[in-house]
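Participant: This is the structure I want to talk about, given as structure tokens.
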Amino acid sequence: MGAVSSPSVDLPSERLFATVAGQPAAVAALRAAARRPVHAYLLVGPEGTGKRAAAAAFAAALLCPGGGDGTCDSCRRVLAGIHPDVAVVEREGAAITIDAAREVTRLAARSPVEGDRKVLVLTDFHLVGVAGPALLKTIEEPPPSTVFVVLAEHVPADLITIASRCVRIDFRPVPLAAVVELLVADGVSPERADHLAEVAGGRPDRARLLAADPGFEARRQAWRSVPARLDGTGATAAGLADELIGLLDSSVEPLKARQAAETSALEERNARAASVNGKVGRAARADLTAGVKDLDERHRREIRRQRTDELRTGLAILAGEYGDRLADPGSRAAAIAAISAIDELGRNLVRNPGETLALQALLVGLDR
Ligand SMILES: [Zn+2]
């Protein structure tokens, strides 16, 4: 061993980045960076291009005692979102607040719990807005133990100064073929992989979730059956809306099961840590509690995000059914009206918690 020196032997394992589909250049840059990281990286690319998965793999590589093997306890905990030295900071509202910026500065100043390094992942940073100046100094000169990984869909004016202090890594839209390849590697049949990649809008994370979801096909059929089942009455529309919302609720069950496993893994680890170190200081105990709270908050956001994704997928399927009627001159005008009503609901629903009523109103107005 070691007689032949190859530049790749010290790099984090490729397998660690296996879930980052279709981004060979970004993955190569991150693997190389993990050997001698600087203080901040900016991952830029549209939603669904694998930035979050890449940030998790990169954080695992940075903290791994084995240089990023992807298999040790530390790597597994980073990838599961339960490592105490990785914090993912999410925005709460439409922009990043000054309070959130203060929280980032506080987290950056904290010492690592386990090793000599910690990673702060800042998400949705294209929405940095007024918090930009407050964060500049922290990101520019963090304590030597902190590495920032900043995620943004693009670089608006508010972000330019911060961006100039980071090493930038670009994420391109993922080619559909790469998503298909990822699913096939997971054991999905090529035909089903083609279909899922397209339904997921080319987003690898969503495609994998759908592939692992046994109820997906039934939900798709339910959305497709809507036009044929409408009879112009409010009662039918209400019944259908209830049924579709019920399916939406059931669609988050696989995610909830995964989250429950994450929570019990974290609680078990905390209990172990508390019993090994009988004199856990108050600060350390507070950190453990905070870990559980952070996880709960992340879980709630994941569920909200998934419900929105699922509803958008359903509406896209429904719009597709009307799209098939565009070729027929007799139903063309009604189909166009239906598609634009569906589009509008899709845009509004993201902010509107009254999804059942909105869906009922849409269905009542739709052409049979
Ligand atoms: Zn490891």
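Participant: Could you please give the count of residues in the range 60-71 that are over 19 Å from Ser145 (Cβ atoms) and either away from the ligand (no atom under 13 Å from the Cβ) or surrounded by fewer than 16 Cβ atoms within 10 Å (Cβ to Cβ) (or both)?
Facilitator: 2
Participant: Please state which one of Ile139, Ile160, Ile82 is of a type in the set (Val, Ile, Thr) and modelled with pLDDT under 90. Write out each step before concluding.
Facilitator: Values: Ile139 fails: modelled with pLDDT under 90; Ile160 fails: modelled with pLDDT under 90.
Step by step, each of Ile139, Ile160, Ile82 is checked, and only Ile82 is of a type in the set (Val, Ile, Thr) and modelled with pLDDT under 90.
Participant: Still on this structure, I have one more. Scan the range 46-74 and report the pairs whose first residue is at positive phi and touching a residue at least 40 places away in the same chain (Cβ under 8 Å) and whose second residue is of a type in the set (Lys, Arg) and within 16 Å of the ligand (Cβ to nearest atom), with Cβ atoms within less than 7 Å and a gap of 6+ or a chain change.
Facilitator: Gly70/Arg15
Participant: While we're looking at this one, here's another question. Against the definition (farther than 21 Å from Thr138 by Cβ, within 16 Å of the ligand (Cβ to nearest atom) and either in a loop (DSSP other than H, G, I, E, B) or assigned by TED's automatic domain parsing to the domain that holds Ile160 (or both)), how does Gly48 come out, yes or no? Walk me through how you get there before you give the answer.
Facilitator: Numbers: farther than 21 Å from Thr138 by Cβ: yes; within 16 Å of the ligand (Cβ to nearest atom): no; either in a loop (DSSP other than H, G, I, E, B) or assigned by TED's automatic domain parsing to the domain that holds Ile160 (or both): yes.
The answer is no for Gly48.
Participant: Then there is this: Is it the case that the range 43-64 has a residue that's in contact with a helix residue (DSSP H, G or I) (Cβ under 7 Å, 6 or more places away or on another chain) and at pLDDT below 90?
Facilitator: Yes; the residues of the range 43-64 include at least one that is in contact with a helix residue (DSSP H, G or I) (Cβ under 7 Å, 6 or more places away or on another chain) and at pLDDT below 90.
Participant: Take the conditions at pLDDT below 85, surrounded by 12 or more Cβ atoms within 10 Å (Cβ to Cβ) and more than 19 Å from the chain's Cα centre (by Cα) and apply them to Arg325. Does it pass? I'd like the intermediate steps shown before the answer.
Facilitator: Numbers: at pLDDT below 85: no; surrounded by 12 or more Cβ atoms within 10 Å (Cβ to Cβ): yes; more than 19 Å from the chain's Cα centre (by Cα): yes.
Against the criterion (at pLDDT below 85, surrounded by 12 or more Cβ atoms within 10 Å (Cβ to Cβ) and more than 19 Å from the chain's Cα centre (by Cα)), Arg325 does not qualify.
Participant: Given the structure, is Pro24 at pLDDT below 90 and away from the ligand (no atom under 16 Å from the Cβ)?
Facilitator: On the way: at pLDDT below 90: no; away from the ligand (no atom under 16 Å from the Cβ): yes.
No; evaluated as a whole, the condition is false for this residue.
Participant: Need the failing condition index for Asp85 against (1) over 23 Å from Leu255 (Cβ atoms); (2) touching a Cys at 6+ places or on another chain (Cβ under 7 Å); (3) within 16 Å of the ligand (Cβ to nearest atom), just the number.
Facilitator: (2)
Participant: Condition check: surrounded by 16 or more Cβ atoms within 10 Å (Cβ to Cβ), at pLDDT 85 or above and of a type outside the set (Asp, Glu). Does Leu210 satisfy that? Let's see the steps before the verdict.
Facilitator: On the way: surrounded by 16 or more Cβ atoms within 10 Å (Cβ to Cβ): yes; at pLDDT 85 or above: yes; of a type outside the set (Asp, Glu): yes.
Yes: the conditions hold for Leu210.
Participant: Which condition number does Val113 fail, the rest of (1) loosely packed, with under 15 Cβ neighbours inside 10 Å; (2) within 16 Å of the ligand (Cβ to nearest atom) being met?
Facilitator: (2)
Participant: If you don't mind, there's one more thing I want to ask. Suppose the filter is modelled with pLDDT of 90 or more, in the same structural domain as Leu63 (by TED's automatic domain parsing), acidic (Asp, Glu) and over 18 Å from Gln23 (Cβ atoms); does Glu114 pass it? Before you say what the answer is, go through the steps one by one.
Facilitator: Numbers: modelled with pLDDT of 90 or more: yes; in the same structural domain as Leu63 (by TED's automatic domain parsing): yes; acidic (Asp, Glu): yes; over 18 Å from Gln23 (Cβ atoms): yes.
In short, yes.
The values are calculated or read from the model by the stated rules, or taken from the named source; none is laboratory data. On a predicted model such as this, the values are computed, not experimentally measured, just so you know. Reconstructed Cβ throughout: ideal geometry from the backbone, glycine too, with neighbour counts over all protein chains shown.
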